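> So that we are looking at the same thing, I have put the structure below in structure tokens.
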Amino acid sequence: MKNVFTTEIFNNISDIRQRIKKLKSQQAVIGFVPTMGALHVGHESLIKRAKEDCDAVIVSIFVNPKQFGPSEDYDNYPRQLELDREICSKLGVDLIFSPTVEEMYTGESGSLEENCTMLTPPESLQNKLCGKSRKGHFNGVATVVLKLFNIITPDKAYFGMKDAQQFVIIKKMAEDLNIPVQIIGCLTVREADGLACSSRNKYLSVEARNKASCIYKSLKRIKESYDSGINSVSQLICLAKEELSSDVEVEYLEILDMDTLTPLNTAKPNALIAIAARINGVRLIDNLIIDKCDIKN
Ligand code: AMP
């Protein structure tokens, strides 16, 4: 049967606040999934989890200029609101919040240079992994997520473990700033060959796409080697590199403590194995977690 439900879209902060006030007056538990759109099965898994846990689910679709560097893909980032709305409708999402840049950044274009109070997550969580090459990226992420939390006031918010550094930073922000929201990490959804689903996979040529699965294979090699008794990080990294095709340019491949993001010399439970690599110019990230009891890979 054809889906007859259509998710309502709000572009305006005061309108969605009104609507949420009504939901809250009915004691609805509100689940929130922040996204930049171009929804895929990874996003869908977050939405499905929120639907299971909550009475009402709100998805934001906002390509946030403040988390893109000047030479990054902000202008070309895929935008497909009507298709995203169909996906949200099919999944029973109650509301979509899709503001303009002007609405979110009060009349500014939202570029990094312009005046706006910006949140700065702790340096110790920012100065590594993606934060090293994407200066200011996590200031932009934390700022927009805090703004979205203030607008939506969700009870629970869902984030993918694929963006592990983002998850750690947002969780810390919510704790440090006493934001009354539960931050929930969800498993990475993968293609059949192991490549983590990402809106940026669309940029890969057929040839690059075929090679891209070696990124996951390299992470799995570390996990399997650890399970077989090897815990020296330098040895594990060497083994992982054997899996990577020669045209994969590795930006980082590291093993760190999952909570503090401190690099480790010896792998241990609750360690994050994280990689960023470029294939044919497309930057992809992925990770696996060693032996974490509440999040399984
Ligand atoms: P984005 O639209 O890329 O900002 O992602 C929105 C949310 O979806 C973030 O919390 C991501 O971590 C999550 N996400 C992206 N890709 C995946 C995936 N393959 N599996 C699970 N969650 C994902």
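The values are calculated or read from the model by the stated rules, or taken from the named source; none is laboratory data. Remember, predicted model here, so these are calculated numbers, not experimental data. Glycine gets a Cβ as well: all are built from the backbone with ideal geometry, and neighbour counts include every protein chain shown.
> Return the residues of segment 49-76 that are within 13 Å of the ligand (Cβ to nearest atom) and either of a type in the set (Ser, Thr, Tyr) or within 18 Å of Phe167 (Cβ to Cβ) (or both); say none if nothing qualifies.
Scanning segment 49-76 gives Arg49, Ala50, Val59, Ser60, Asn64, Gln67, Tyr74.
> Let me ask you something else. Here is a list of conditions, (1) of a type outside the set (Phe, Trp, Tyr); (2) more than 13 Å from the ligand (Cβ to nearest atom); (3) surrounded by fewer than 20 Cβ atoms within 10 Å (Cβ to Cβ), and Thr7 meets all of them except one; can you say which number that is?
(3)
> Now for a different question. Report whether or not Tyr216 is over 18 Å from Asp193 (Cα atoms) and hydroxyl-bearing (Ser, Thr, Tyr).
Considered against the rule, which asks whether it is over 18 Å from Asp193 (Cα atoms) and hydroxyl-bearing (Ser, Thr, Tyr), Tyr216 comes out as no.
> Also: For segment 23-48, which residues satisfy the criterion of being more than 9 Å from the ligand (Cβ to nearest atom), buried (at least 18 other Cβ atoms within 10 Å of the Cβ) and on the phi > 0 side of the Ramachandran plot?
Result: no residue meets the conditions.
> Which residue out of Leu239, Leu244 is closer than 29 Å to Tyr74 by Cα and either within 18 Å of the chain's Cα centre (by Cα) or not in a strand (DSSP E or B) (or both)?
Leu244
> Please report, ordered by residue number, the helices (runs of 4 or more DSSP H) entirely within segment 122-216 with at least 3 residues that are surrounded by 17 or more Cβ atoms within 10 Å (Cβ to Cβ), of a type outside the set (D, E, K, R) and more than 9 Å from the ligand (Cβ to nearest atom).
The helices (runs of 4 or more DSSP H) meeting that bar are 137-152, 164-176.
> Consider only pairs whose beta carbons are under 7 Å apart and that are at least six residues apart or on different chains; among these, list those whose first residue lies in segment 117-134 and is within 15 Å of Asp163 (Cα to Cα) and whose second residue is of a type outside the set (A, V, I, L, M, F, W, C) and part of a loop (DSSP other than H, G, I, E, B).
Arg134/Gly69
> Name the one entry in Leu195, Leu219 that is in contact with an Asp or Glu (Cβ under 7 Å, 6 or more places away or on another chain), hydrophobic (A, V, I, L, M, F, W, C) and under 24 Å from Phe167 (Cα atoms).
Leu219
> Given the condition of a type in the set (Gly, Ala, Ser) and touching a strand residue (DSSP E or B) at 6+ places or on another chain (Cβ under 6 Å), answer yes or no: does some residue in segment 65-88 qualify?
Looking through segment 65-88, none of the residues is of a type in the set (Gly, Ala, Ser) and touching a strand residue (DSSP E or B) at 6+ places or on another chain (Cβ under 6 Å).
> Could you check segment 11-54 and list, in sequence order, the residues that are over 13 Å from Pro154 (Cα atoms), outside any helix (DSSP H, G or I) and over 16 Å from the mean Cα position of the chain (by Cα)?
Asn11, Asn12, Gln26 - these are the residues of segment 11-54 that are over 13 Å from Pro154 (Cα atoms), outside any helix (DSSP H, G or I) and over 16 Å from the mean Cα position of the chain (by Cα).
> Kindly check whether there is at least one residue in segment 57-66 that is part of a loop (DSSP other than H, G, I, E, B) and free of Cβ contacts under 8 Å to residues at least 24 places away in the same chain.
No; the residues of segment 57-66 include none that is part of a loop (DSSP other than H, G, I, E, B) and free of Cβ contacts under 8 Å to residues at least 24 places away in the same chain.
> I would also like to ask the following. Restrict the check to segment 187-199 and report whether at least one residue is at pLDDT below 95 and not charged (D, E, K, R).
yes
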